[in-house]
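Q: Handing you a structure now.
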Amino acid sequence: LFFTALSRFHSLTEIIVPFISIGEKGAGGLLKALVGHVRLRTLDLMGNDIGSSGCTSLASLLKIPTSELRSLKLFSNSIDDEGAAVLADGLAENNTLKCLHLGRNTEITETGWRAIFAVLQSSSCTLEELDLSEGGLDNDAVVSLVN
């Protein structure tokens, strides 16, 4: 019911639903409901365990050419390497996102971070703020990924 109702409010610019444990299936339903929300600027899904399936849905949302999404908060969402790679694919086609929070997704290994960092280093990347706190990366790991 929530997703059905949400799909009707196309004027929303912020959706903040942290720590309600929607899971992968719920993330798919939520993101499907958001497809027509071209005015959406902030999406906060912190602590919802969206996993790889949720990342697939998010990547589709990021690829929408008319998207105005500026801030995406995915702190503590059980994202792994597969999810990181799918998100990187979506980020590569997005030109509006300015803020990305990926902290406390400790299932992402060097493989997943490499996919994310490859996009961040592209000339088309629009990110201005990146939060990787509590993600298991130390300074040496970040330097290694950048090089």
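The values are calculated or read from the model by the stated rules, or taken from the named source; none is laboratory data. A quick note: this is a predicted structure, and the numbers were derived from the prediction, not measured. Here the Cβ is made from the backbone with ideal geometry for all residues, glycine too, and neighbour counts use every protein chain on show. Only protein heavy atoms, including side chains, enter the accessible area calculation; ligands, DNA and RNA are left aside. Shrake-Rupley method; radii C 1.70, N 1.55, O 1.52, S 1.80 Å.
Q: Explain nothing, just the number: dipole magnitude of the chain about its Cα centre with +1 on each Lys and Arg Cβ and -1 on each Asp and Glu Cβ, in debye rounded to the nearest 20.
A: 760 debye
Q: Could you tell me whether segment 31-120 comes out rounded, prolate or oblate from its Cα gyration tensor? Rule is a ≥ b ≥ c as square roots of the eigenvalues, rounded for a/c under 1.5, then prolate if a/b exceeds b/c, otherwise oblate.
A: Prolate, because a/c is 1.5 or more and a/b exceeds b/c.
Q: What spacing in nm lies between the two simple spin-label points modelled at Thr126 and Lys63, each 7 Å away from Cα in the Cβ direction?
A: Computed distance between label sites Thr126 and Lys63 equals 1.8 nm.
Q: While we're on this one: Over the chain, with the other protein chains present, what is the accessible area per residue in square angstrom, probe 1.4 angstrom?
A: Numbers: 7300 Å² over 147 residues.
Ligands and nucleic acids excluded, the figure is 50 Å² per residue.
Q: Next question, about the same structure. Percent of accessible area on the chain owned by carbon and sulfur, 1.4 Å probe?
A: For the chain, the apolar C and S fraction of the accessible surface comes to 52 percent.
Q: I'd like the distance between the alpha-carbon centres of segment 20-89 and segment 99-122, rounded to an integer number of Å.
A: 14 Å
Q: Pick from Val86, Val17, Val35 the residue whose mean-square fluctuation is largest in a GNM of the chain, springs joining Cα atoms under 10 Å.
A: Comparing Val86, Val17, Val35 in a Gaussian network model of the chain, the most mobile one is Val17.
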